[in-house]
Structures are given as structure tokens and as C-alpha cells.
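J.: Starting off with a structure, shown below.
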Amino acid sequence: MPAGCAAPAWPLEAKRHGAQGRVTLRFTVEADGKVSKAAVIRSSGYPALDQAAREALAKCVFNPETLDGKPVASKVTMPYQWINE
């Protein structure tokens, strides 16, 4: 469903401390493909990782759902896994 989405930048302090985890985001993909109303519904346990995921998501563009051939807004739930390698 994402048409264009860059990986979130890893917060330096979080990476240095070995922070990792999975954040789950809930948001709306508007009819124009832009993200709105993004919220963390399950934290990674690290606020910096959660915030970085939300900030990256805000810059994403999605292919919107369609109804009768026309783009419509839809709710999406998406996890992002932070793995400190």
C-alpha cells in the first residue's frame, strides 16, 4: 500500500543505548494518499523510537483505497520493528 516511504531515522541516543522494539501506529490514509491522524497504539517502550516512527510516517505517501473506482480515506494499522544491529 505505501507508494513512497523512507525508513525512519534512528534516534542517536536510542541507538547508542541499544533500544529496540516494535511500535504499532494507527492512522488515516486520505483520498490523496497523505497520512493524517497518526497515533501510537502500542509503544516500543522507547518514546524516541515511537516519535521517530510517527515523524517518518507523516512523510509517507500511500495508494489510497478505492470505492467505486474513486479514492477514499481509510484507517490503517501498521507495525514498525526497530532492530539494533
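Rule-based calculations on the coordinates, nothing more; no lab input. In this text the structure is predicted, and so the values were computed from the model without any measurement. Here the Cβ positions follow ideal geometry from the backbone for every residue, glycine too, while neighbour counts run over all protein chains shown.
J.: Quick one: putting +1 on the C-beta of Lys and Arg, -1 on the C-beta of Asp and Glu, what dipole do you get for the chain around its Cα centre, in Debye to the nearest 20?
T.: 180
J.: Moving on to the next point. Do the sum for the chain: with -39,500 (n - 2.57) for every DSSP H run of n ≥ 4, divided by all residues, what is the mean residue ellipticity at 222 nm, to the nearest 500 deg cm²/dmol?
T.: The helix contribution divided over the chain gives -5500 deg cm²/dmol.
J.: Work from the charge dipole of the chain (Cβ charges, +1 for Lys and Arg, -1 for Asp and Glu, about the Cα centre) and give the residue of Leu12, Pro47, Leu25 farthest towards its positive end.
T.: Pro47
J.: Angle between the Cα long axis of helix 47-58 and the longest principal axis of the chain, 0 to 90 degrees, nearest 10?
T.: The angle comes out near 30 degrees.
J.: Between beta-carbons, use under 10 Å as the cut-off and find the net charge around Lys37, counting Lys and Arg +1, Asp and Glu -1.
T.: Here the count lands on +1.
J.: Are there any trypsin sites (Lys or Arg not before Pro) in region 17-85 that are in a DSSP loop and have at most 15 other Cβ atoms within 10 Å? List them by number. Spell out each step's value before the answer.
T.: Details: sites: Arg22, Arg26, Lys34, Lys37, Arg42, Arg54, Lys59, Lys75; in loops: Lys59.
Filter output for region 17-85: Lys59.
J.: Of Ser36, Ala58, Ile83, which is farthest along the charge dipole of the chain in the positive direction, counting Lys and Arg as +1 and Asp and Glu as -1 at C-beta?
T.: After comparing all options, I get Ile83.
J.: Something else about it: Which entry in (i) -0.37, -0.66; (ii) -0.55, -0.83; (iii) -0.46, -0.77 is this structure's computed log10 I(q)/I(0) by the Debye sum over Cα atoms at q = 0.12, 0.17 Å⁻¹?
T.: (i)
J.: Still on this model: Using the count of nearby Cβ atoms within 10 Å as a rough guide to exposure, how do Leu12, Leu25 rank from fewest to most? Don't skip to the end; give the middle numbers.
T.: On the way: Leu12 9, Leu25 20.
Sorted ascending by nearby Cβ count, the order is Leu12, Leu25.
J.: Please report the orientation-averaged projected area of region 22-71, defined via the convex hull of its C-alpha atoms, in nm².
T.: One quarter of the hull surface, i.e. the mean projection, equals 3.5 nm².
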